[in-house]
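Worksheet for the structure shown next.
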Amino acid sequence: MPRLAAVAVLSDKDIIRNLELGHLEIGNYNDSSLTPNGYDLRIKEILIYGDNNTYEKGPVQIPPRTMFYVSTVERIRMPDNICAQIWLRTSWIRKGIIASFGKVDAGFNGTLTLGAFNAADKIIEILIGERFCQIVFEYLTTLSEKNYEERSGHYQHQDGLTLNPKK
């Protein structure tokens, strides 16, 4: 049986080095969002499920037991040897927000649209521009045969809230 390699998470130094070399890009980068092992993504806009308005200003009130979507301020360009996990910041979890994100594939380029749910019994206010989730970068043990754009690329180059993939 082949031996599995351990996951190699990029540290803050690794992230900065990859940014400086141009391997990884974080558009609208903010140094205060850098963490020891990731980067906190900020909210550009919010769409509340059932409400056809996109909110780009102020505090947005998320009703109890309601699904909502956020898009990120940052545009991410992933190289072919790095993928990433997205994790909701624990400060939101403590308020009653729950979310299940996934991986950002090697080769992805664009902003991210993320779904979440207010599981609390009260309204939760979210400020546009606030840090919402952390992206944690990981090196691939080998290059993939085909990157995200070549495999599917349904959300490649998305900008802003994107709920339906490109055809």
Counting helices only, and only those DSSP H runs with n ≥ 4, report the 222 nm mean residue ellipticity of the chain as the sum of -39,500 (n - 2.57) divided by its residues, in deg cm²/dmol to the nearest 500. -3000 deg cm²/dmol
Only loop residues by DSSP count here, and only those with at most 10 other Cβ atoms within 10 Å; note down the GluC sites (Glu not before Pro) in region 76-159 that meet that. Glu145
In whole Hz, with x marking every Gly and Pro, tabulate ³J(HN,Hα) for region 29-45 from phi via Karplus 6.51 cos²θ - 1.76 cosθ + 1.60, θ = phi - 60°. 4, 10, 4, 6, 8, 6, 10, x, 9, x, 8, 7, 8, 9, 8, 8, 8
Which of Lys13/Lys57; Lys44/Lys95; Lys57/Lys95; Lys57/Lys122 exceed 26 Å between C-alpha atoms? The answer is Lys13/Lys57
Along region 134-140, Karplus-curve 3J(HN,Hα) (6.51, -1.76, 1.60; θ = phi - 60°) to the nearest Hz, with x for Gly and Pro, reads 10, 9, 10, 8, 9, 6, 7
Residue with peak Gaussian network fluctuation, the chain [Cα springs, cutoff 10 Å], from Tyr148, Tyr29, Tyr49: Tyr49
Residues of region 63-167: accessible area per residue at 1.4 Å, in Å²? 52 Å²
Of the trypsin sites (Lys or Arg not before Pro) in region 1-79, those whose Cβ has at most 10 other Cβ within 10 Å and which sit in DSSP loop: Arg3, Lys57
Based only on Cα atoms, what mean projected area does the convex hull of the chain have, in nm²? 11.2 nm²
Taking Cα pairs under 8 Å and at least six residues apart, what relative contact order does the chain come out at, in percent? 29 percent
With axes computed from alpha carbons, what is the tilt in degrees of helix 12-21 against the longest principal axis of the chain, rounded to the nearest 10 within 0 to 90? 70 degrees
Rg over Rh, two decimals, region 54-149 (C-alpha only, Kirkwood Rh): 1.04
For a quick check of your reading of the filter: which trypsin sites (Lys or Arg not before Pro) in region 109-160 sit in a DSSP loop and have no more than 16 other Cβ atoms within 10 Å? Lys122, Lys146
Using a 1.4 Å probe on the protein heavy atoms, what percent of the accessible area of region 66-167 belongs to carbon and sulfur? 51 percent
What are the extents of the Cα atoms of region 27-79 along their three principal axes, in Å, largest first? 35, 21, 19
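The values are calculated or read from the model by the stated rules, or taken from the named source; none is laboratory data. These numbers come from a predicted model, not from an experiment. Ideal geometry is used to build each Cβ from the backbone, glycine not excepted, and the neighbour counts take in all protein chains shown. Side chains included, ligands, DNA and RNA excluded: accessible areas come from the protein's heavy atoms. Shrake-Rupley method; radii C 1.70, N 1.55, O 1.52, S 1.80 Å.
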